[in-house]
Amino acid sequence: MSGSHDKDLQSASARLLKQSHSRWYEWLFWAVALSLFVIFGDFIPGVPTRLMLLTEIVTLALLALSIDLVLGFAGIVTLGQGAYFGLGAYVAALLAKGGAGTFPMSDPVIGLLIAGLVTGVFGFVTSFLVLRGSDLTRLMVTLGVALILSELANQMRWLTGGADGLNGVMPSAVLGIWEFDLWGRVAYLYSLAVLFICFWLSRRIVNSPFGLSLKAIKNNPLRARAIGVPVNARLVAIYTIAAALAGIAGALLAQTTQSASPDMIAFHRSADGLLILVFGGAGYLYGGLIGAAAFRVMQDVIGNITLQYWQFWLGAVLVALVIFVRNGIIGMMVAGWARLRKGDGQ
Amino acid sequence: MRNRILSGLAAGAFALAAVPALAQEVVKVGLILPMTGQQASTGRQLEAGAKAFLAQRGNMVAGKRVEIVVKDDQGVADISKRLAQELVVNDKVAFLGGFGLTPIAMAVGPVATQAKVPAIIMTAATSAVVPQSPFFVRAGRTMPQMTFPIADWAAKNGIKSAVTLVSDYAPGIDAEKFFKQRFEEAGGKVLDSLRAPLASPEFSPFLQKAKDLKPDALFLFVPSGQGATLMKQVIDRDFAGSKIRVIATGDVTDDDLLNDMGDSVLGMITSHDYSADHNSPENKAFVEIFRKVNNNMRPNMMAVAAFDGMELIFRSLEATKGDTNGQKLVDAMRGLKWMSPRGPMEIDAQTREAIPPMYIRKVERKNGELYNVEFQDAGSIKDPTHTHTK
Amino acid sequence: MTFVLETRNLTKRFGGIIATDDVSFKLPAGARHALIGPNGAGKTTFVNQLTGVLNPTSGQILFEGQDITNWTVRRRATAGIARTFQINQLFAELTPLESVILAINERENAAHEWFSPLGSRETIVDEACALLDRLTIGDVRDARVGDLPYGKQRLLEIALALAAKPKLLLLDEPAAGVPESEREQILDVVARLPAHVALVLIEHDMHLVFRFAKTISVLVNGALFCEGTAEEIARDPRVRQVYLGEEEVQHG
Amino acid sequence: MLTILFDGVAYGMLLFVLGIGLCVTLGLMNFINLAHGAFAMAGGYLTIVLMNRYGISYYWGLPAAFVFSAALGAILERTLYVHLYNKSHLDQTLFSIGLVFMSMAIVDYFMGANQQTINLPPALDGRINVLGASVGIFRIFTIVICGLLTIALQFIIAKTRFGSRLRAAVDDGRVARGLGINVTTIFALTFAFGSGLAGLGGALSIGIISIDPTFPLKYMIYFLIVISVGGTTTITGPFYASLLLGVADVAGKYYVPEIGGFIIYTIMVAVLILRPQGLFTKGATR
């Protein structure tokens, strides 16, 4: 009896560990993302270059990923992630502009790290505002912070260029080797690499004991406190991390488009990020990634069909998705998979 | 699961690939316009203007067929930059054009420079735009070109003091700066300069402040398409009763909106290069064809900028005999002169800025509709801000 | 004699209402104590002050001789005060195993680890499995908590509290709402709780109280009405009158 | 000075009528309806069409806008919204944003993208002197209508049978059903009424501003600010919040234009931090 019991115990540990192992479809996902570079990188005659669109998707995906950490795992509803996105964009753009294309100030990687650091600090300071209150309160406080910051960006013309935005943003070559090119090849690979690293870190976070405590807080903060979880400290920590990731996403966008303008910090960034995450499915990490790709591709395709009225069809898809599906695209895939397995069993 | 993911990806890949391959003798013009959102009406006028040009002239020039590709920039700079890049790389456009707002033009500048593709600025009216790229050529007009004539007119017509109220963004600040500069040079005094947020739904505090300062005149500027709310509240505030004249650049009494503003704007004085009422055979033909192909819409200054932008493109292609080398095309545009629906047009050979004719106009009722009726020719003004060459 | 828990003149007012009225109370280590009283007697309010959810208006709370009156919920929890809830307060989306590991992690100060994956500390997983087995819910440790039958959820309530290795465990109506068939299982578990843990049972059910408690306090209108051994309380006519009498009426 | 106060009050009143329907759906039905502005837009455009195309008077346009938006609200509530009551707030947000996108495209298709406006009837146009300050007649008209509406609303909720049933349905839907109250109908009527008020607000607002297809998105933030500052448990909370925000916004832009843009956002954040339940709620802490 004791033998089988020991085996049982081992398998409990192993099963938990297995949850953090990567699956074949995850490898497939990243392999596909990488192969898109070859397909749409103007290497195959007749296939158009869409790397700039893909780069935009990658930055949006990183923004949505950062929202997933706070919303999908810690349960904080936020409409203010655009503030950190925009702040990161301005920091990176100012650095690249200030360095005028020379090392170290214009170096993209250093710019990215500094942008992440600055937004992380700002996220830490503002995180104390979201510790109390209901969903609506948190929504409005985060939105309020974002609106104030975007108004600041508009007013501080001497620094941000005001409504004109910043131009002459010249990040130097990535790692001193690869210059940003017109096809967006370097931009895509660079952003994809950054997304991968950030994703991998996020994945470790949510599968760790720390991540487990976040899920517990999301489920039941009262009980979490009662068993000794320092709820506020954990929320501050994850909010800060997410802010830094959003800042890195903004910095990526500023570097790859070589500009920064007030619309990078505007309300619609926060709204887009949240929309994309819910569209893809919150709480899976991949939701933001798949949501960003699906959303932007859909927007592009419908926009090519009906230039002026694409918003109608996009809206219709959102409405239908909510009515017929739970938990966005991934929720739909999970439900479909479950039905498939059930069918096999019969 | 595998099938689902794969089919999903295949659908995405198909979507990304769904751009037509190009034919040989076609010259493509990529227009990046705001077709949705706040500036959508500007985008519609620009597109309609370009369509009117093709309807009038046909689409063949120098043995090549000109095709227009329109993209929606959603008013967002980074999307515009991506669209410009895709138009250059995928559609192999020979020209870019449009650009609703200054930051959008600024974001596209590096692409035009890197790809050596001429980019025609039709809207963004800040003087700072064109120097950003050697491939920028302006078909519209700049803020000082519009504000100098009205400042001159005010100084000569008994107005000693003024308050300015502009939208808080680059062209607005340009308008404020150049009005003040010119008006004070002529001996006037600007009592205060007010700036309203770009998306402001409520102008009343600013208007009340202007009224309380009791100037001889109130000078207004808001972007094209945004004048209706402002004028409504200006009328409501009853400046005429306080003996304050209201003057503006023509953007406020936009042809697109003017007819809905009602009789209260009758007599308002503005300065601009284009009025749908301009009395010339070129303009009559333009308005006629424009209304015909665009569902009887009335053209405004955006439409004429797109029309002239297409004119520039056709004339430069004629000059290069169909050669689409960007540098040659830009060089061909320098110093071009032609008769536009707005009057005699010229491209400054040094600065690549447009030199449009300017007029002082007054809102009047004609054939049952409101028009900006030109009553004074203010001549052609070079943009005074840059003296750079190249 | 050392006391695990002591309150001195504990008083809580909500506006004009006195919910806890000058309660002075001592609990020895390893006690098996029951806190009873009619509905609205202030039992839950009293417990909420012990665990730090509510702050008393006046008076003191001492834990192992230390004044903990102003400590936070978390600090008390880590010091060794654990509780179960009258209405289940569980993590519906987690599994029982994850829930218990979470509690052990907090106790072992391992919960801030963000890089190493969950389950890499085998001793913690082993301990969690053993605890779940002891509470007879080892078989469902990988199910979703929200999907468990009610009785098993009640047992998980106790497991979560025990995971902290508390010195004092407050059980708030552990068998409330549990169907008769699963009731015995819970009573068994309560009876087998480690002897060194001081237990306070907040209960309505007199069978459960007399079966398990050695000492009893009766709370009426927020004040300590009387205290004594189970036999003394059972015999006390005043208690019968104010409490058991009402109980009869309720059940009748 | 007094003029600024009047302008601010009129602006605030307008915000109140535009936003109160959202407050009702959120506070009473626990539904986040970001598409609320679309109903206001529908009322505004209906009035424009009636006046400019059919020459119907503005005074008829106002009730027509109310009826039209209320009917639209009732239809959408029965066909679409009813599926969403049990979904999460996030799903509701996504859904109603989808509706906003659709409404913007629909209006763009039928009405065009440019700003549209109306000419007020002469009796409402112009200015008069009130206590030595020059005040727009239409702003007084707005204040009077919105003031009457507020009193009527307060009366309906506090004094009528419908009001007490509504309160019961909100407190506990299951119990109310047990008492024989038709909760479904009550919710549908409430939703339609809230939408109708938004439509009326839209028709009133085109007397002060012009309207374009981005209206629902542009005003969404203002509605949310009113609600979060005023709280959702009463009618009076959002009312005072609207007045406060209207006056603060107008006065701020008049006296300190440099920071005028920050004022309402700062007020909102400050209020939410100090009193997360809203500024004008009773017993703020639970």
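Here are a few things to note about the model shown:
- Note on C:Lys214: lysines with a C-alpha under 29 Å away, same-chain residues under 8 apart excluded, are C:Lys12, C:Lys26, C:Lys43, C:Lys152, C:Lys165, C:Lys167.
- Within straight-line cross-link reach of B:Lys92, aspartates and glutamates at Cα separation under 15 Å, skipping those fewer than 8 residues along the same chain: A:Asp42, B:Glu25, B:Glu67, B:Asp323
- Long-range tail of P(r) for the stretch B:113-230 (Cα pairs > 17 Å, %): 59 percent
- Counted by neighbouring Cβ atoms within 10 Å, the residues A:Ser213, D:Ser134, D:Ser103 run from fewest to most as D:Ser134, D:Ser103, A:Ser213.
- In degrees, nearest ten, helix B:2-17 long axis to first principal axis of chain B (Cα): 70 degrees
- Chain D pair-distance distribution - Cα-Cα, 10 Å bins, rounded %: 7, 28, 36, 23, 6, 1
- Computed lengthening from D:Thr185 to D:Tyr85, 0.36 nm per intervening residue step minus Cα-Cα distance: 34.6 nm
- Rg/Rh ratio calculated on Cα atoms of the stretch D:1-88 (Kirkwood radius): 1.07
- Dmax and Rg, reported as Rg then Dmax, of the stretch A:187-315 (C-alpha, Å): 17.6, 56
- Centre-to-centre, using Cα atoms only, the stretch B:268-287 and the stretch A:150-198 are separated by 43 Å.
- Cα long-axis angle, helix A:108-127 against chain A (0 to 90 degrees, to the nearest 10): 60 degrees
- Of every Cα-Cα pair in chain B, the percent that sits beyond 27 Å: 48 percent
- Distribution of pairwise C-alpha distances over chain C, 5 Å bins, in %: 1, 6, 13, 17, 18, 16, 13, 9, 5, 2, 1, 0, 0
- The ranking of A:Tyr84, B:Tyr359, C:Tyr150, D:Tyr11 by Cβ neighbour count inside 10 Å, starting from the fewest, reads C:Tyr150, B:Tyr359, D:Tyr11, A:Tyr84.
- Cleavage-rule hits (trypsin sites (Lys or Arg not before Pro)) in the stretch B:253-329: DSSP loop, at most 13 neighbouring Cβ within 10 angstrom: B:Lys321
- Spin-label pair B:Glu369/A:Phe128, simplified geometry with 7 Å Cα→Cβ offset, distance in nm: 6.2 nm
- Pair A:Val38, A:His268: separation of 7 Å Cα→Cβ label points (nm): 3.7 nm
- Interatomic Cα distance distribution for the protein assembly as shown, bins of 20 angstrom, percent: 10, 35, 33, 16, 6, 0
- Reachable aspartates and glutamates, given that their alpha-carbon falls under 18 Å from the alpha-carbon of B:Lys177 and they are not under 8 places away in the same chain: A:Asp164, B:Asp152, B:Asp168, B:Glu185, B:Asp192, B:Asp251, B:Asp383, D:Glu258
- Directionally averaged shadow of the stretch A:48-104, computed from the convex hull of its alpha-carbon atoms, nm²: 5.7 nm²
- Cα-centre dipole for the stretch B:263-390 with unit charges at Cβ (Lys and Arg positive, Asp and Glu negative), debye to 20: 160 debye
- Violating pairs (Cα-Cα greater than 19 angstrom) within the set B:Lys211/B:Lys243; B:Lys28/B:Lys337; B:Lys28/B:Lys51: B:Lys28/B:Lys337
- Only Cα sites of the stretch A:111-210 enter the Debye sum here, all with the same form factor; the resulting log10 I(q)/I(0) across q = 0.18, 0.19, 0.21 1/Å is -1.19, -1.21, -1.21, listed in q order.
- Sorted largest first, extent of the stretch D:78-141 alpha carbons per principal axis (Å): 54, 30, 20
- For the stretch D:208-262, the C-alpha radius of gyration sits at 1.27 times the compact-globule guess of 2.2 N^0.38 Å, with N the residue count.
- Fewest-first ranking of B:Met302, A:Met156, B:Met358, A:Met298, using other Cβ atoms within 10 Å as the exposure measure: A:Met156, A:Met298, B:Met358, B:Met302
- Cα-projected label distance for A:Leu113 with C:Ala191, points at 7 Å along beta-carbon direction, nm: 6.5 nm
- Acute angle (nearest 10 degrees) that the helix A:135-155 long axis makes with the longest principal axis of chain A, alpha-carbon atoms: 20 degrees
- Cα-based Rg of chain A normalised by 2.2 N^0.38 Å, two decimals: 1.05
- Evaluated over chain D, the count of Lys pairs having alpha-carbon atoms less than 30 Å apart is 4 (only pairs 8 or more residues apart or interchain).
- Label point 7 Å beyond Cα of D:Asn30 along Cβ direction - residues of the stretch A:203-240 with amide nitrogen under 17 Å: A:219-221
- Spatial separation of Cα centroids for the stretch B:314-331 and the stretch B:131-202, in angstrom: 35 Å
Every number in this text was worked out from the coordinates using simple rules, so none of it is lab data. None of the values given here were measured: they were computed from a predicted structure. Cβ: placed from backbone, ideal geometry, glycine included. Neighbour counts: every protein chain shown.
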